Every structure is written in structure tokens, then in C-alpha cells.
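Every number here is computed from the coordinates shown, using simple stated rules; none is lab data. Worth saying up front: this structure is predicted, and the values here are computed from it rather than measured. Heads up, the Cβs are rebuilt from the backbone with ideal geometry, glycines too, and the neighbour counts pull from every protein chain shown.
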């Protein structure tokens, strides 16, 4: 077994505040502990020790740290370090607004549990302000007895407004116009004469209005002047019947290329519908109606088997064996003859499920399951992860999905498969490409999984990361 993984037993000796009788309180906290191996013998050697202070015993954002003391010498089981030394932040930078402080120690790769509760001592750093009274020496403050005439001075020489701050207590106030307190335009004197349109907002009240062309108010193409001649492109044949319209052919500039469209209700001949019944709808074909034309688009109202269908594709017959394309039935069912490709403009993509997240999230955040309501899934709750190796971790919020399933209102897409961007915290351990990822104590961030705990891994790192929190690519993979 690796020596680092045997550092499982620790006995805390003390957490000491280095203080003195000098004027300034030092911003350093000393720590001494006894480190033992599982066999009970004191450990001796050199180890990296990472320290952080948390607001509770299990999770949360650190109040101080984490900071790693590199290559600490441990002799006879005595582990000793000083918070505020070795490049670590001074202790007066920690957040002391929480009601509790818990010390977490990591020796090598092992996080020693449980966290140790800190009792009172670090809070004495607040005494530094008491020594200086907010930055001033005590001698700089006045004592009322030093100024025996102070009360008389304020009662006889200072106007009432000095204490009330009220405009009404001023003397010699100017006479204000009514508009100063009403703010009403009508209370102004010498108001300018405004045109009628200034208050009506009506176009007809404008003077010198421009003369508009008829098309400006009709919006009718026929009211345009100098219209282009489209007759060279469009010809119409056939006689409209009571239940049909004429067939129209669009002659494209390239010789011999035409697109025809018209009503498919028995007129014109050759525009019959699917096998087993006549088509009653609108067709568009590439070629001549009545010949061996290729159907490009068909909207059918009754094709003999399923009502109200739309076909987009090609084939000598819209619904026969040679038909290829996309078909939508009236009941919402869709058929695709071929493959489906989504989000082709993206460099990578994923498939996602829209879930109700109860807090503000952004792409890359890791979320967990709080509660699931089968009868009304909108009452389910998902939120950011806040602890390491969380078995309820669900996945990563995505903004590059090619397919997102489920309603979108008040929900966020979480990647189920594919490649997605994820937030990671390498301070919990350097990440190499191929490392498995799990949740970390940093809210919404993943970290390298060093323990094999089923149900806690949700991806594999495709990029490396070290240093501060950052975003990398991850292959979605649950195990």
C-alpha cells in the first residue's frame, strides 16, 4: 500500500495563536498535531500538507485556504505548521462572520476525516482593532469632561436645522414657485405654444406632411410602379375546377429546368397520391406534371391511411417504394428516410435533458438531484453540487447540445451523452487527459476522482488542468 495512503490517524495537539505583549496582534495561527500510521506508530518523513478552514463539518466554500505546505518535515509523528506563513494568506483575511470554523487537513493525497472544530482562538485576531480603535490611538479620542462648555456651545450657538436637517427649520428661505414642489408643466409661467401634434401624437395633425404613394398604406404589390416583368419565369396552364386550382410552372433561367406546383385533387393528371388512395392536397414537383416528375413537396389531407400528412423529399411517387425524405403525420409522428445530423456548425455537441434547476446556473456547472416528483416533474429540484464524491450528481449544464429533450420553460439542459464543457477545480488535484471526474467541494465544479466510489463519476477529462478553477472539455460518462 502507498505510504501516503497510510496516513489515516491524526491526533490534534493544539491550535495556538502566536501573540505577545507587543502593540500589534500577529496575523498567524500555529497548529501542532500527532500523525500516526494505521499500526499506531508515529510517522516520520516528508509530506505535502494542504490545509483549509470551512464553515461547517461537511461541505461549503472555505473561509480560508486551501493552502499547501510543500515538503513538511514530520519527526516522531509531530506535524506542525503556521497559518499565515509559508506563502499562505494571513489569518486576518479569513471570513470570521460564520458561527463555526472547521479545520480540514490533507496529507499527500489523503484527506483526514473528520474535520476538526476550531474553538475561539483565531477570533482573537479581532482584538487588533480594539488596540487601535479603528486605526486611532486611544489618546486621540475626546473625553466629554475635557470640554466642560460643550453642551452650552451646542445649545446656544447651533441652529435647530443642524440637528433636524429639515428644510422647514431654515430661516430666510427663498420663495419658491408652485412648480418647484408640484413638478406640473401647467404650473410653469411663460409656457411655449405647442403645436397640436405635440399633445395628440396624431399623424394627421402634422403640417407639411409628405405625399405618400398608394402602396405605402395598401401594402399591395399591384400598387407598385415600375414593377419587374415576371412573365418570362411564370406560366399557367389547366382549367381550375370547383375543387382545384390551375397548375403553375416556374421556368428557371437554366434551359430545361422547371419546378411545377398545383392542387393534387385529380387535376392535373399524373399528380396522384400515395399507394392505395388518391391525394387531396398541394404538390410541388421537379419536372412536368403528368409525366415522370419527382415530388419535392406534398401536403396531403387524406391519403387513404393517415390523415393530414406533410412530405418533404423526392421520388417518382411521393409515398411509394422509391420515396426518400421526411414525413410528418397529423398525430405528430415523424418518419425520416436517412440519417439525422444536428448542430453541424458546432465543433462538438451533446444530447441533453431539460431539468428544473432551482438556482441560477451557467454552462459548465455541475448539478445534483435534490428531489424528484414523478407525478409533476416541474416540482423536482436540481441544484449545484457542493461536496466531493456526491452520488446524487446528475451532470453538466450544456449550451452546445444538438438535441435537448423535454420542455424548456424554467428548465436548464443537462448533457446526457457526447462532449460538453465543464468547470473544474484543479486545486483538489492536478487533472490529466483521461482522468475520471467527480463532484468537488467547490460549488458547481468537478475534480479528479481518486477514489473508486460507484455512482459518483459523470465524465472523463479530454484536457488537462492545474492551478485555479477553469473550464475544460469532458466526455459524458456515468459510472
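Residue ranges 99-107, 373-381 sort as 99-107, 373-381 when ordered by packing (mean number of other C-beta atoms within 10 Å per residue, highest first).
Among 216-223, 27-34, what's the highest-first ranking by average C-beta atoms within 10 angstrom per residue?
Working: 216-223: 9.5, 27-34: 18.6.
Result, highest mean first: 27-34, 216-223.
Using the average count of surrounding beta-carbon atoms within 10 Å as a protection proxy, the listed peptides 42-48, 411-417, 365-371 rank, highest first, as 411-417, 365-371, 42-48.
What's the extension gain from residue 216 to residue 477 if we count 0.36 nm per residue and subtract their Cα-Cα distance?
On the way: separation 261, 0.36 × 261 = 93.96 nm, distance 5.98 nm.
Here the segment from residue 216 to residue 477 would lengthen by 88.0 nm.
Here, P(r) means the percent of Cα pairs in each 5 Å bin from 0 to the largest distance; for segment 339-479 it is 2, 12, 21, 24, 20, 13, 7, 3, 0.
Distance between the pseudo-spin-label points of residue 46 and residue 333 (7 Å out from Cα toward the beta carbon): 7.3 nm. Using R0 = 22 Å, the C-beta based FRET efficiency linking residue 78 and residue 109 works out to 0.55.
Between residue 346 and residue 70, residue separation times 0.36 nm minus the direct Cα-Cα distance comes to 95.1 nm. Would you please give the FRET efficiency between residue 370 and residue 409, computed as 1/(1 + (r/R0)^6) with r the Cβ-Cβ distance and R0 = 22 Å, to the nearest 0.05? That gives a FRET efficiency of 0.70.
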